[in-house]
Amino acid sequence: MLRVFFAFAFMLITIAGLALQPAFAETPIEVLAALKAEASGMPGFQEFSAERGEKFFKTKHNHNLSCSTCHTDNPAAQGKHSETDKIIKPLAPAANEERFTDMKKVAKWFKRNCNDVLDRECTAQEKGDVLAYLLTVKK
Amino acid sequence: MSFNANKFTRMFFVAVLVTGTAMSVARVSDARAEGQKSAVSDPKWKSECGACHFAYPPRFLPAESWRAIMTGLDKHFGSNAGLDAESANEITAFLEKNASTKKHDTTMKPLLRITETSWFKSEHREVAASTWKLPKVKSPANCVACHTKAESGDFDEDNVRIPK
């Protein structure tokens, strides 16, 4: 009888412990690796470059928009949506541990934001360069 | 002796379990009271429709307006807000269920903006044109600039503060 109680108590503790774990599906390094697997199959692939990523991020493309219009020139800082003024949490993983931890979310926002800024989707090369850059940004 | 120790441990565990259950029950009924006070919500709606702006409460537009918004997310007020079909269906169902049921003109194309509805204009008829253009307001769609408790669904006039 007592053993049943112990087993039950341990089970509860274990479940509580599991529920409190942050539910991050991926790490930014895994997301980068997936982008690399995709990009390296394309013609003209170059090793990801933080420098190229930074330039891409800060350059105004179409509609006078750049990535930094909303995410600011310092991706470790809070951003602001250019249309609605809504605060956007920092994009750099060093400043926001939730970033680049969910492949589906990353894909969704690259698709939306690249369409807004470039009127097309970004290539895997461009996305990899941007993430390589964001990973070099310190808090 | 060993029998007594066992009995004590057993009673101790029963006590812990009973307390735990009682606390869980208390928490659930707290949450229910909170839900009644605040507005309807849905986690998917809140995170998806609250990413670029305040998540506009469903009660401010009729179902056909929400349906029209949800089928045009790729070109959403100049932004791409495209969603996977599964999330879009879930959010549409939530919006329809809690949409406005006020009488409105159904002969015209559904309005896509809350800020273009006649009730919005009439509730805000005393707001000066210059107020809408204040740097901290920028647009009538920026509800949270003036309705300080809007995030919890509270649009009561007592909680309106026009920013300086």
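The values are calculated or read from the model by the stated rules, or taken from the named source; none is laboratory data. The model shown is predicted, which means the values in this text are computed figures rather than measured ones. Positions of Cβ are generated from backbone atoms using ideal geometry, with glycine treated the same way; all protein chains shown enter the neighbour counts.
What's the number of the only condition in (1) crowded, with 17+ Cβ neighbours inside 10 Å; (2) touching a residue at least 60 places away in the same chain (Cβ under 8 Å) that A:Ala92 fails to meet?
For A:Ala92, the failing item is (2).
Can you tell me which of A:Leu134, A:Leu91 is closer than 25 Å to B:Ala145 by Cα, of a type in the set (A, V, I, L, M) and more than 12 Å from every other protein chain (Cβ to nearest Cβ)?
Being closer than 25 Å to B:Ala145 by Cα, of a type in the set (A, V, I, L, M) and more than 12 Å from every other protein chain (Cβ to nearest Cβ) holds for just one of A:Leu134, A:Leu91, which is A:Leu91.
The rows are residues; the columns are (1) surrounded by 13 or more Cβ atoms within 10 Å (Cβ to Cβ); (2) touching a helix residue (DSSP H, G or I) at 6+ places or on another chain (Cβ under 7 Å); (3) modelled with pLDDT of 95 or more.
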position: B:Phe94; (1), (2), (3): yes, yes, yes
position: B:Pro110; (1), (2), (3): yes, yes, no
position: B:Ile114; (1), (2), (3): yes, yes, yes
position: B:His124; (1), (2), (3): yes, no, yes
position: B:Pro135; (1), (2), (3): no, no, no
position: B:Asn142; (1), (2), (3): yes, no, yes
position: B:Glu157; (1), (2), (3): no, no, no
position: B:Lys164; (1), (2), (3): no, no, no
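Would you call B:Lys75 closer than 23 Å to A:Ile88 by Cα and of a type in the set (D, E, K, R)?
yes
How many residues does region A:105-130 hold that are outside any loop (DSSP other than H, G, I, E, B), of a type in the set (D, E, K, R), within 14 Å of chain B (Cβ to nearest Cβ) and in contact (Cβ under 8 Å) with a residue 12 or more places away in the chain?
Qualifying residue count for the region: 1.
Name every residue in region B:77-86 that is crowded, with 16+ Cβ neighbours inside 10 Å and not in a loop (DSSP other than H, G, I, E, B), in order of residue number.
Residue satisfying the conditions is B:Ser79 alone.
Just one of A:Glu83, A:Glu97 is among the acidic types (Asp, Glu) and over 13 Å from the mean Cα position of the chain (by Cα); which is it?
Only one candidate qualifies: A:Glu83.
Kindly provide the set of residues from region B:55-108 that are of a type in the set (Val, Ile, Thr) and under 24 Å from A:Asp85 (Cα atoms), ordered by number.
Of everything in region B:55-108, those that are of a type in the set (Val, Ile, Thr) and under 24 Å from A:Asp85 (Cα atoms) turn out to be B:Ile69, B:Ile91.
Looking only at region A:48-73, filter to residues that are out of contact with any Phe, Trp or Tyr (no Cβ under 9 Å at 6 or more places or on another chain) and charged (D, E, K, R); which one of those is farthest from A:Gln125 (Cα to Cα)?
A:Lys60
Are there any pairs, at least 6 apart or on different chains, whose C-beta atoms fall under 7 Å, with the first in region B:126-147 and more than 10 Å from chain A (Cβ to nearest Cβ) and the second loosely packed, with under 14 Cβ neighbours inside 10 Å and among the basic types (Lys, Arg), and if so, which?
Once the first residue is more than 10 Å from chain A (Cβ to nearest Cβ) and sits in region B:126-147, its partners that are loosely packed, with under 14 Cβ neighbours inside 10 Å and among the basic types (Lys, Arg) give B:Cys146/B:Arg161.
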